[in-house]
Every structure is written in C-alpha cells, then in structure tokens.
1. Given H placed 1.01 Å from N in the peptide plane, which residues other than close sequence neighbours of Glu107 have an amide H under 5 Å from its amide H?
2. With no solvent and one equal point scatterer per Cα, compute the Debye intensity ratio I(q)/I(0) for the chain at 0.13, 0.15, 0.20, 0.21 Å⁻¹ and report its log10, rounded to two decimals.
3. Please arrange Leu28, Leu96 by counting, for each residue, the other beta carbons lying within 10 Å of its beta carbon, fewest first.
4. Enumerate lysine pairs in the chain that are 8 or more residues apart or on different chains, then count those whose Cα atoms are under 13 Å apart.
5. Which Cα, out of Leu88, Leu55, Cys39, lies furthest along the positive dipole direction of the stretch 1-111 (beta carbon charges, K/R +1, D/E -1)?
6. Counting alpha carbon pairs within less than 8 Å and at least 6 residues apart, what relative contact order, in whole percent, applies to the chain?
7. Restricting to the stretch 4-114, compute how many DSSP beta bridges are antiparallel as a %, nearest 5.
8. Taking a quarter of the surface of the convex hull around the Cα atoms of the stretch 43-118, what do you get in nm²?
Amino acid sequence: MQPVTSTSFSVTIRQAGEVSLLDVTGRLTTFESGALRDCISRLLKQGHKKIVLGLSGLQYLDSSGIGELARTYVSVVKRGGEMKVVGLSSKIEEILKITKLYQVLPEFPDEQTALQSFPESRDKTHS
C-alpha cells in the first residue's frame, strides 16, 4: 500500500502475517485526521482487522487527533477487530492519560509484544 502523507503527517503500512502495522509520524490534527481515518477504513474494507498503531514518530496530537484515535478504535472494534498502540512518547502518553483514552487503547511496550498479544487464528482443518 502507498503511504498516506501530507506535509506534516504520514502513515506507512506494513504487514506481519494477519496484522497491519501502521507507522504514524508527524502531527495528528484536524487537517490530518481524515488521512488516518481513510487509511483504517481501507484496511477494514480489505478485511484487515488486526491493527497496531506505531506512534513513536507522532510529534503532536490535538483534540481532533485525540477524537480521531477514539473514532478509529471504535470503528475497528465494531467490525470485530482489534487495535493496539506502541511507541508512545511521554508527551503523547500524558495526553492519552489526561483524556482517559489511555484506558481504552491497549498499549504495548514494543511491536513484538503487541503482535504476540493477538490471538492466533485457528485453522479448523488442522485441529
């Protein structure tokens, strides 16, 4: 998939088996929140329901960005998916704690731990 970019924001998508890894960099504000929404929406339409947001490159998050993270999480869960976050800077982590979004978004210390937290798909033909 092509990275979604604006002048101050980008999302790069990688796959690790069934899990979509999204590396988010830059500023998530009113102007960029639509790009993240579109990216997640495309993944869900393609049947990708296991999502890890890598936020180590996220430099700034305003109220619109916070709202978009919450909406994105809800849309993934409503489709039967799971969304987890990794790489929170202390500044972004503090914002998520203040807004109580920290209690909703499952956060993991690193990508590998987040990947291991997804339940493995069971192939019924090999049970």
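All of the numbers you see were taken from the coordinates with simple rules; none came from a lab. Quick caveat: nothing in here was measured; it's all calculated off a predicted structure. Cβ coordinates were reconstructed from backbone atoms using ideal geometry, including for glycine residues, and neighbour counts include every protein chain displayed.
1. Those lying under 5 Å, H to H, from Glu107 are Val85.
2. -0.49, -0.64, -1.17, -1.30
3. Values: Leu28 26, Leu96 21.
Lowest count first: Leu96, Leu28.
4. 5
5. Farthest along the dipole direction, towards plus: Cys39.
6. Computed value for the chain: 21 percent relative contact order.
7. Details: 11 of 27 bridges.
Expressed as a percentage, antiparallel bridges in the stretch 4-114 total about 40.
8. Working: hull surface 19.9 nm².
Computed as one quarter of the Cα hull surface, the answer is 5.0 nm².
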